[in-house]
Every structure is written in structure tokens, then in C-alpha cells.
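Reviewing the structure listed below.
The values are calculated or read from the model by the stated rules, or taken from the named source; none is laboratory data. A quick note: this is a predicted structure, and the numbers were derived from the prediction, not measured. When we count neighbours, we look across all protein chains shown, and the Cβ atoms used for this are built from the backbone with ideal geometry, even at glycine.
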Amino acid sequence: MPLYHYLIQEGPHAVTDIAASIGLSHPAVLQFAQEMIEVDLLASYRDPRDRRKRVLALTAAGKQLKPQFLDHLREADDLMASVFAGAGIEIDVVLTNVEQSLARRAI
């Protein structure tokens, strides 16, 4: 859940900023946000400095899930590392090589 992950790391932000940061469209972020608002994990309000912008923030209930979310994220990382290792792939090396290749192309 990239929206939740973004908000626990960055705190409240405008929908447009979140969409750009996590690589989802504005409507997709709003759809995920609405689902989270319905279960009281997220709140939405107008930016007091720019009333055209809508800001998303975790509620108290949303913040309480952070430890569980981070545990699940670590478990998923460990599982993926295990799967790649079992296939003889050093994923850290592969990702480093990909990042370096992309950085060279951007120059």
C-alpha cells in the first residue's frame, strides 16, 4: 500500500504531491484515500495555505497500525530476498547494477 507507506514516512501531504511521489495518478490516490477514509485510517482536509489543494493525513487509528505495517513490510522483504537467493540471484547486486545503469543514462 504505497499511500499508507508514504504517509507514515512523510506525514500529511497534498494529493498531487503524493501522486507524483508514489507514481500513481491523482484519481488513483483519491480512490485509495476514500477507501482508507471509510475505515477511519485517513483524514482529508483543505490546505489552509492553498484552499484548492486537498491534504491527506493519517488518523490516530491509522498511526496505530504503523508497527504492524512495518513488521509486514520487513517480512515481505525477507521473503523476497529468500526467493531470489533460492534462485541464485543476488537481488542487492542486481538492483545496484540497475541503479548505476539508469544513473549513467540520465547523464
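Of Glu38, Glu90, Glu99, which residue is among the charged types (D, E, K, R) and at pLDDT 90 or above? Give the steps one after another, and end with the answer.
Values: Glu90 fails: at pLDDT 90 or above; Glu99 fails: at pLDDT 90 or above.
Checking each option against the conditions leaves just Glu38.
Look at (1) in a helix (DSSP H, G or I); (2) surrounded by fewer than 13 Cβ atoms within 10 Å (Cβ to Cβ); (3) not polar (S, T, N, Q) and you find that His5 fails only one, number (2).
Filtered by the rule that a residue be part of a helix (DSSP H, G or I) and among the hydrophobic types (A, V, I, L, M, F, W, C), the stretch 57-76 gives Ala60, Ala61, Phe69, Leu70, Leu73, Ala76. Please determine, by comparing only the residues of the stretch 54-74 that are more than 18 Å from Gln34 (Cβ to Cβ) and polar (S, T, N, Q), which one is surrounded by the fewest Cβ atoms within 10 Å (Cβ to Cβ). Only one residue tops the list, namely Gln68.
Quickly run through the stretch 31-53 and pick out the residues that are buried (at least 18 other Cβ atoms within 10 Å of the Cβ) and either more than 15 Å from Phe69 (Cα to Cα) or touching a Ser or Thr at 6+ places or on another chain (Cβ under 7 Å) (or both).
The answer is Phe32, Ala33, Leu41, Leu42.
Kindly evaluate Arg105 against the criterion of being of a type in the set (Lys, Arg), surrounded by 14 or more Cβ atoms within 10 Å (Cβ to Cβ) and modelled with pLDDT under 95. It is false that Arg105 is of a type in the set (Lys, Arg), surrounded by 14 or more Cβ atoms within 10 Å (Cβ to Cβ) and modelled with pLDDT under 95. Whenever a residue of the stretch 30-45 is part of a loop (DSSP other than H, G, I, E, B), its partners that are of a type in the set (A, V, I, L, M, F, W, C), lying with C-beta atoms within less than 9 angstrom and at least six residues away or across chains, give the pairs Val39/Ala61; Asp40/Ala60; Asp40/Ala61; Leu41/Leu58; Leu41/Ala61; Leu41/Leu65. Has the stretch 85-95 got at least one residue that is within 21 Å of His5 (Cα to Cα) and surrounded by 12 or more Cβ atoms within 10 Å (Cβ to Cβ)? No, every residue in the stretch 85-95 fails to be within 21 Å of His5 (Cα to Cα) and surrounded by 12 or more Cβ atoms within 10 Å (Cβ to Cβ).
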